[in-house]
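The values are calculated or read from the model by the stated rules, or taken from the named source; none is laboratory data. Since the model is a prediction, treat every value here as computed from it, not as a measurement. Cβ: placed from backbone, ideal geometry, glycine included. Neighbour counts: every protein chain shown. Note: accessible area is taken over every heavy atom of the protein model, side chains too, but ligands, DNA and RNA are not part of it. Shrake-Rupley method; radii C 1.70, N 1.55, O 1.52, S 1.80 Å.
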Amino acid sequence: MAQLIDSPQEFQITPMQIDTWNRDHMNLTESKFVPGPVPRNSWAPVEGPDAIYSGLLECPLTTRVRKVLNANYALQDLGQCSNSIETSAECFEAVRKVMDTNISSTKVVNDPSLPSGCTVEGSPVGGVTALFNQATKAGDCGTGASGSLIGAATSLVNLSIHVDAASDLVEITITGPVEVWFGVGFNATAMADEPWAIIIDGAGNVTERKLMDQSPGTALPSSVTVKSHTVINGVRTVSVTRPLAGKGPAYFNFPTGLSRLPFINAIGSGPTLAYHKNKAPSVIELLPINIPVCVCSIGTLPFGTGAAKGVITYDATNQTEDVGSGTVTFSNRCAPLPTASLLAQHNPTCDIRTYVGGQLSCHHMWSLLDADQPIPWSDKPLTYHLKYRFWVQEYTDLPTPSHKAIVRYGFGDLGAGGGGTGAEYDVPKCGDGVPGCSRGADGTWVHTITGLQAGRGKLVAAHFHCHAPTCLSMEIRNNKTGEVYCRSEPLYGSSPKIEDPKFREAGFIAVPPCLFGDAEYGLDAPPDLDGVMLFITKTANATYGHHGEMAHSQFYFIE
């Protein structure tokens, strides 16, 4: 059994490196760990026998990072608002928040032929009109019909889209800096969504790509026609057209009705496509032209369901060393019981309004200290090296296949994520009455989360991902029979089971996997999980609170 790879030519890795080296009190080879500066929101101990790790490792939210919650408003093109906006002032502000663009004009009318309350409509020449109708007996929102749409958004680049359904044509206009490449990925909040993207290089050449997670992905055959290309005062503007439907599954199909379209955009440091200098997610609202669409209040948003949407933005200070920038979409939500228990526990990671740290707070060059704290030791950079080892066996398929291919299925996570389950969550500092908390046999506070999820395939490897110093165990068992398929307990550096002396550090953690296979190798046979409901349990030491802990499963199967 193996992961089959067809003639690989290269590999790419994006390591997550957090510098915790206290230059004032440590050298890199023999010193005992001494915590350095941490932000106020760090939950890690900074003195005493438990101060064996830095709170920076848990990516606490700092005062350099700003959470921006989207307004509690939504567009509606059918029927009438359940919760109407009552004043023109709130109406015009709501349009600004929902549309994230400049309003061309505002009007207050009393017209029974139009929808009552707050509406917005697109203009065929661009821009939007916000209108507040004081009439109490009025028409319905929009028409619900497909047709021509228009929208504009300003982020790292300026983007405008004009959809003409009658002509089966969409015009896309992108404006950015003239000397570097810039691009837009459509219907995405991150590169991991693998969107269709338009890239414009420093010479104005237009290419199309299918992006991949942390990768430029693959070039695609051209589907666009350049309509115009201008350069004025250091700004390049390119307009392209193409049919609404893409040339294949790697392309994006543009809508013909009211739509809220997420996109990602980036600019580079040079003229040729390479690692971006800056990136950001954004949203463009595509409005019917000359048809009023209602702007409705949606009231109080439920916790942890993804209804509260927003972004996390890094605001650099005037410190010379502070070179961070960028915005990321907050996409976390938490699945209800019995799939996972975080939502019932009201875990902070489930919702942008309560989020206080974790992976979304950690991005390239984002300082993990508060804005009023200096960034130390810029004259003493940390240089490190990565070493990789690959075990390879040649594959042959004659007379019979030499290996069985393994596949990975996406279940088993108990943390928060865009689909309701994901990797990370916060471990609360336990105490009486804190959800999920209990005392262990030795009196230590233990925090437990659980989930009930459907299995699939024959399990050959179960890897669990969690962090020092809080991780205690992860386990999967048959919910009906109680049979334990895998239980993994991390080994810490102080454990006598750590054979290699160089790994005998208090902060080192190894998480042994469960492996299944042939009896000749001393392995149990792969359990068949098809149709089996799995009860998954993760426990963590909760003497202290921890941001960004993981309850992440990596399961591999054979069919």
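Quick notes on this one:
- Scanning the stretch 372-399 for residues that are within 26 Å of Phe555 (Cα to Cα) and open to solvent by less than 100 Å² (accessible area, probe 1.4 Å) returns Leu386, Tyr388, Tyr395, Thr396, Asp397.
- In the stretch 456-467, the count of residues that are within 26 Å of the chain's Cα centre (by Cα) and among the aromatic types (Phe, Trp, Tyr) is one or more.
- Within the stretch 502-534, considering residues that are part of a loop (DSSP other than H, G, I, E, B) and among the charged types (D, E, K, R), the one nearest to Ser553 (Cα to Cα): Asp530
Let's see how each residue does on (1) within 27 Å of the chain's Cα centre (by Cα); (2) closer than 30 Å to Arg40 by Cβ; (3) not aliphatic (A, V, I, L, M):
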site: Glu505; (1), (2), (3): no, yes, yes
site: Val511; (1), (2), (3): yes, no, no
site: Gly531; (1), (2), (3): no, no, yes
site: Tyr544; (1), (2), (3): yes, yes, yes
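- Residues considered: Glu559, Glu520. Of these, the only one that is in contact (Cβ under 8 Å) with a residue 60 or more places away in the chain, farther than 18 Å from Thr450 by Cβ and open to solvent by 20 Å² or more (accessible area, probe 1.4 Å) is Glu559.
- Selection of the stretch 364-405 for residues being among the small types (Gly, Ala, Ser) and either part of a loop (DSSP other than H, G, I, E, B) or more than 17 Å from Gln3 (Cα to Cα) (or both) yields Ser367, Ala371, Ser378, Ser402.
- Looking across the stretch 368-391, the residues that are of a type outside the set (A, V, I, L, M, F, W, C) and over 27 Å from Glu10 (Cα atoms) come down to Asp370, Asp372, Gln373, Pro374, Pro376, Ser378, Asp379, Lys380, Pro381.
- Selected residue (criterion: farthest from Pro37 (Cα to Cα)) from residues of the stretch 331-371 that are open to solvent by 40 Å² or more (accessible area, probe 1.4 Å), of a type in the set (Ser, Thr, Tyr) and in contact with a helix residue (DSSP H, G or I) (Cβ under 9 Å, 6 or more places away or on another chain): Ser331
- Matching strands (runs of 3 or more DSSP E) fully within the stretch 58-142 where at least 1 residues are of a type in the set (Gly, Ala, Ser) and either modelled with pLDDT of 85 or more or within 28 Å of Phe330 (Cα to Cα) (or both): 73-76, 105-109, 117-122, 128-133
- Annotation: of all residues in the stretch 127-136 being in contact with a strand residue (DSSP E or B) (Cβ under 7 Å, 6 or more places away or on another chain) and closer than 16 Å to Ile291 by Cβ, the one that is surrounded by the fewest Cβ atoms within 10 Å (Cβ to Cβ) is Thr129.
- Residue tally, condition over 11 Å from Thr539 (Cβ atoms) and either free of Cβ contacts under 8 Å to residues at least 60 places away in the same chain or not in a loop (DSSP other than H, G, I, E, B) (or both), over the stretch 446-487: 23
- For the stretch 473-488, the set of residues classified as loosely packed, with under 15 Cβ neighbours inside 10 Å and not polar (S, T, N, Q) consists of Lys480, Gly482, Glu483, Val484, Arg487, listed by residue number.
- Residue check, Ala308 more than 30 Å from Glu121 (Cα to Cα), in contact (Cβ under 8 Å) with a residue 60 or more places away in the chain and outside any strand (DSSP E or B): no
- Test for Val180: is it touching a residue at least 12 places away in the same chain (Cβ under 8 Å) and either in contact with an Asp or Glu (Cβ under 8 Å, 6 or more places away or on another chain) or over 23 Å from Pro288 (Cα atoms) (or both): yes
- Looking across the stretch 424-453, just one residue is of a type in the set (A, V, I, L, M) and loosely packed, with under 14 Cβ neighbours inside 10 Å, and that is Ala441.
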